[in-house]
Amino acid sequence: VFLVKDEDIILITEFGNAIRFNSMEVGATSRATSGVKVLGLKPEDAVSVALPIHDKTDELAVFAGKGYGKKVQLTELPAQKRGGKGLAVIKLEEGDWVADAALVNNDDTILIVGNLSSVCITGKDIPSLGRASIGNQVIRDSKVLSVSKV
């Protein structure tokens with residue numbers, strides 16, 4: 001849960017698709033309604049991460065379950081209308097998934113928690129790569145459980 005006021009939001013799915021849309025496209029509804037469709041999902045896919053863009057100079061750091069990670073410039077994710085399919089934001093190996101993501105700058109410290117080990121790195125240590133790349137191994141011999149800015 002996060003508070004937004006006329007800001008862009010990024011949703012990322014487990015299969016690696018992301019959509020960026022403005023929060024004003026999602027109107028307030030009553031508790032008795034089902035809401036609005038924001039992202040067209042493939043079968044068996046699910047939303048993994050939702051992030052509000054408070055600072056447009058940040059980069060999107062995406063981490064796969066098998067330990068790969070990278071940063072993507074926000075300019076590579078143009079705003080779309082809600083209900084679209086989104087764009088691939090990370091290339092995943094067979095059986096991999098998007099575990100978590102964060103909006104970071106070079107001065108941020110990122111804690112990556114795995115099931116066997118954890119690692120703390122700075123934002124500048126995460127490689128900046130294009131949307132179609134896999135990323136670099138940021139945590140070894142451990143599945144990524146969560147990512148947090150410290």
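Key figures for this structure:
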item	result
Residue list for the range 54-79, restricted to those being among the β-branched types (Val, Ile, Thr) and either open to solvent by 10 Å² or more (accessible area, probe 1.4 Å) or at positive phi (or both)	Thr57, Thr75
Test result for Gly27, at pLDDT below 95 and over 16 Å from Glu7 (Cβ atoms)	no
Gln73 under 28 Å from Ser142 (Cβ atoms) and not hydrophobic (A, V, I, L, M, F, W, C)	yes
Candidate set from the range 21-43 (those that are surrounded by 10 or more Cβ atoms within 10 Å (Cβ to Cβ), among the polar types (S, T, N, Q) and out of contact with any Gly (no Cβ under 9 Å at 6 or more places or on another chain)); member that is farthest from Leu87 (Cα to Cα)	Ser23
The range 124-150 residues that are farther than 15 Å from Gly16 by Cβ and assigned to a strand (DSSP E or B), paired with ones that are open to solvent by 30 Å² or more (accessible area, probe 1.4 Å) and of a type in the set (Lys, Arg) (beta carbon under 9 Å, 6 or more apart)	Gln137/Lys66
For Ser48: the one exception among (1) surrounded by 15 or more Cβ atoms within 10 Å (Cβ to Cβ); (2) of a type in the set (S, T, N, Q); (3) not in a strand (DSSP E or B)	(3)
Filtered residues of the range 1-45 (kept if under 19 Å from Thr75 (Cβ atoms) and part of a strand (DSSP E or B))	Asp8, Ile9, Ile10, Leu11, Ile12, Asn17, Ala18, Ile19, Arg20, Phe21, Asn22
Of all residues in the range 103-123 being outside any strand (DSSP E or B) and open to solvent by 40 Å² or more (accessible area, probe 1.4 Å), the one that is nearest to Ala50 (Cα to Cα)	Asn105
Total residues in the range 97-147, condition within 14 Å of Gly65 (Cα to Cα) and of a type in the set (Asp, Glu)	2
Filtered residues of the range 80-102 (kept if open to solvent by less than 70 Å² (accessible area, probe 1.4 Å) and touching a residue at least 60 places away in the same chain (Cβ under 8 Å))	Gln80, Gly84, Gly86, Leu87, Ala88, Val89, Ile90, Leu92, Val98, Ala101
Qualifying positions in the range 12-33 - within 16 Å of the chain's Cα centre (by Cα) and among the hydroxyl-bearing types (Ser, Thr, Tyr)	Thr13
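The values are calculated or read from the model by the stated rules, or taken from the named source; none is laboratory data. Every value quoted in this text rests on a predicted model; they were computed, and no experiment measured them. Please note: Cβ atoms are built from the backbone with ideal geometry, for glycine as well, and neighbour counts cover all protein chains shown. With ligands, DNA and RNA removed, areas are computed over all heavy atoms of the protein, side chains included. Shrake-Rupley method; radii C 1.70, N 1.55, O 1.52, S 1.80 Å.
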